[in-house]
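In what follows, a single structure is set out as structure tokens and then discussed.
Every number in this text was worked out from the coordinates using simple rules, so none of it is lab data. Note that the coordinates shown come from a computational prediction; the quantities given were computed from them, not determined experimentally. Every residue, glycine among them, receives a Cβ derived from its backbone with ideal geometry; neighbour counts consider all protein chains shown.
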């Protein structure tokens with residue numbers, strides 16, 4: 001997300017209907033819903049996604065078992081590759097036009113994803129709770145910090161696009177009734193966390209370290225609302241300097257990577273049940289993709305409660321916060337931008353559209369489950385929901401590899417100690433407060449969310 005033009009005709013960040021085709025939020029939504037509808041269509045004609053796109057490598061102790069499985073599923077693997085390549089290429093054509101380079105880059109990314117999936121299914125990895133998403137992140141980090149990533153590969157490292165697609169597909173596994181039921185709880189808990197963390201980072205940044213108001217607000221947004229997207233959106237809303245937005249993004253990524261390792265370790269050490277664990281990750285991780293990696297290191301229930309907390313509770317904030325911060329910048333901080341006014345339409349412009357796709361996917365499956373034409377819930381799970389979950393898991397593997405392959409630790413560490421200290425102050429409030437709300441106060445509720 002970028003800066004929003006302050007005019008009544010501003011329907012996208014750059015003010016044109018045509019730019020709908022150049023926003024990854026919309027493409028993640030359209031492609032996610034397309035996958036859900038295709039799964040339903042194939043089932044209705046007596047086929048299933050499971051038959052031709054789904055490959056799930058079994059846990060093994062001998063590599064020959066994994067190689068044998070891959071060898072016997074070569075056609076399925078090729079179909080899965082072509083399925084993703086065609087869908088993603090359509091989006092890339094509209095987003096950047098670099099389809100040829102994307103084809104090369106995605107081919108490498110897909111092959112690396114298969115390798116990571118095979119490695120992640122090794123029983124030794126399972127013994128030490130090294131789940132495939134976390135392994136994908138580590139592999140990506142090792143490669144990016146030892147080698148220079150070529151440009152043709154960088155075009156395929158579409159982190160935000162992959163994670164947004166995965167979240168839309170996540171909606172298909174969450175009944176809409178559950179989202180409605182948990183929504184108010186998630187929103188209330190997220191509000192407390194977001195406000196407390198935002199104010200901590202902003203106050204520390206401006207009062208203790210004398211950072212510019214706009215810089216501090218951009219840092220605070222990244223640490224309290226929805227990570228990178230919030231830093232970019234709030235930075236644009238308050239007209240922060242580009243360098244300050246870049247620093248905020250770097251800090252979000254740095255702390256997100258740290259939390260991927262710290263939170264699952266703390267959860268296992270404290271024996272926190274999966275439901276509250278996912279909710280805690282949802283309040284204390286700073287971005288969707290790393291948070292999903294941390295939740296995936298627990299189990300499927302943790303992924304569900306994380307999604308409810310992060311997507312329903314926090315990501316939906318961004319449009320409202322952009323409007324509030326733009327209003328504050330214009331009316332209170334200074335008059336450098338006289339004549340500009342925050343527009344209520346900004347709430348819609350800044351709203352993460354993939355959240356709508358998440359809701360739509362959930363509603364479609366919920367109505368299908370309630371239809372008298374559905375034979376059994378088991379049939380629905382086996383032929384539609386489970387295949388969609390497997391495709392979602394592949395999307396998340398692409399996401400975590402992309403995070404690792406685009407993160408150079410040396411660059412992340414060179415942001416300056418004052419912004420780092422201000423952001424860290426928010427972390428020190430966020431984590432214990434998230435634990436208190438998710439595990440101590442609301443723990444019994446999150447345990448019941450299945």
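Computed values, structure above
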{"read-out": "Cα gyration tensor shape for segment 145-231, rounded if a/c is under 1.5, else prolate or oblate", "value": "oblate"}
{"read-out": "Fully extended contour minus Cα-Cα distance, from residue 271 to residue 440, at 0.36 nm per residue", "value": "59.6 nm"}
{"read-out": "Tensor-based shape of segment 170-325 (alpha-carbon gyration tensor, a/c under 1.5 rounded, otherwise prolate or oblate)", "value": "prolate"}
{"read-out": "Residue order, fewest to most beta carbons within 10 Å, for 55, 201, 225", "value": "55, 225, 201"}
{"read-out": "Nearest-0.05 FRET efficiency for residue 63 and residue 241, computed from C-beta distance (R0 45 Å)", "value": "0.30"}
{"read-out": "Spin-label pair residue 52/residue 261, simplified geometry with 7 Å Cα→Cβ offset, distance in nm", "value": "4.4"}
{"read-out": "Anisotropy class of segment 117-180 from Cα gyration tensor, a/c 1.5 cut", "value": "oblate"}
{"read-out": "Computed label-point distance, nm, for sites residue 107 and residue 379 using a 7 Å Cα→Cβ extension", "value": "4.2"}
{"read-out": "Square roots of 5 times each gyration tensor eigenvalue, C-alpha, segment 17-447, largest first, Å", "value": "34, 24, 23"}
{"read-out": "Per-residue Cβ neighbour rank within 10 angstrom, fewest leading, 411, 131, 285", "value": "411, 131, 285"}
{"read-out": "Per-residue Cβ neighbour rank within 10 angstrom, fewest leading, 116, 252, 138", "value": "138, 116, 252"}
{"read-out": "Length added when fully stretched, residue 328-residue 421, from 0.36 nm per residue minus Cα-Cα", "value": "31.1 nm"}
{"read-out": "By average C-beta atoms within 10 angstrom, highest first, the peptides 142-148, 417-423", "value": "417-423, 142-148"}
{"read-out": "Net lengthening on full extension, residue 138/residue 124 (0.36 nm per residue, minus Cα-Cα)", "value": "3.4 nm"}
